[in-house]
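Below is one structure; the comments refer to it alone.
The values are calculated or read from the model by the stated rules, or taken from the named source; none is laboratory data. Given the structure is predicted, the values throughout are model-derived calculations rather than measurements. Cβ placement follows ideal geometry from the backbone for every residue including glycine, while neighbour counts extend to all protein chains displayed. Ligands, DNA and RNA are stripped out before the accessible areas are found, and what is left, the full protein with its side chains, is counted by its heavy atoms. Shrake-Rupley method; radii C 1.70, N 1.55, O 1.52, S 1.80 Å.
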Amino acid sequence: MSMKILKASVFVIIVFFLMPLPVVAAKKGIYCGELKGSHYGPFDYMDRFNHSEQLKIVEDFHFTSDVEDLIRGSTSSTPAKDLNYTLHAWPNHHRALVSLFKYSIKEKSTRIKGLKYPVECYFDRAIRMNMKDVQVRSIYSAFLSHRGRNKEALEQLEVAANLEPDNVTVLYNLGLLYFKQKNYEKASHYAEKAYALDYPLPGLRNKLIQAGKWRGSASGRSGK
């Protein structure tokens, strides 16, 4: 497995355990705003390589390393306004969504001063920006799981798996979430698929082995 895939895998797993479907914010009647065009967006982060100049401007002035790490804001004292600006210009900006998720954990709230909308609205907007963005589905699933909404978290990962059936990180995280729910049959199913695609981390396999539910070999390959 390439380092690129490994880094992406670790990235999503870390997010997952900081802990077309309708979005819950919309179900609850919360208005999450239209994706209105302006000079700086909204742009689709999946198409960022065709808008590299616009992305650089937003990241240089608003989504700085201090904002991403929630240390301080770039244009104000807290990161909130800069995260809000970044996610207005690039609604499905993956790293900004991760930072927003971490911010909600840090603040112990989904309504943070300086954000125009409740935190979940930003996932609503990200999905509307590009409903086929698998990374957004994965990050949103982590947010939902952290809040104990495991059924909805599974729904988002199932959508992601349908969009990218060979995405090993999605398969692995599905296995982890099903294991958490003690659905060992489905956990084993997704684990076998992930390890058949050479997923490098042994955590899920070890959990299944300890529970007496692993059906493959100790190396991760299926015994079938």
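Rundown of residues vs (1) touching a Phe, Trp or Tyr at 6+ places or on another chain (Cβ under 6 Å); (2) at pLDDT 95 or above; (3) surrounded by 20 or more Cβ atoms within 10 Å (Cβ to Cβ); (4) of a type in the set (A, V, I, L, M), yes/no style:
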site: Ser65; (1), (2), (3), (4): no, yes, no, no
site: Glu68; (1), (2), (3), (4): no, yes, no, no
site: Trp90; (1), (2), (3), (4): yes, yes, yes, no
site: Leu97; (1), (2), (3), (4): no, yes, yes, yes
site: Lys106; (1), (2), (3), (4): no, yes, no, no
site: Ser109; (1), (2), (3), (4): no, yes, no, no
site: Cys121; (1), (2), (3), (4): no, yes, yes, no
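Close Cβ contacts (under 9 Å, 6 or more residues apart or on different chains) running from residues in region 164-189 that are under 13 Å from Val134 (Cβ atoms) and hydrophobic (A, V, I, L, M, F, W, C) to residues that are assigned to a helix (DSSP H, G or I) and open to solvent by 60 Å² or more (accessible area, probe 1.4 Å) comprise Val168/Ile5; Val168/Lys193; Val170/Leu163; Leu171/Lys193; Leu174/Lys186; Leu174/His189; Leu174/Lys193. Counting only helices (runs of 4 or more DSSP H) that fall entirely inside region 75-187 and contain at least 1 residues that are more than 14 Å from the chain's Cα centre (by Cα) and of a type outside the set (A, V, I, L, M, F, W, C), the qualifying elements are 80-89, 94-107, 119-129, 150-163, 168-180.
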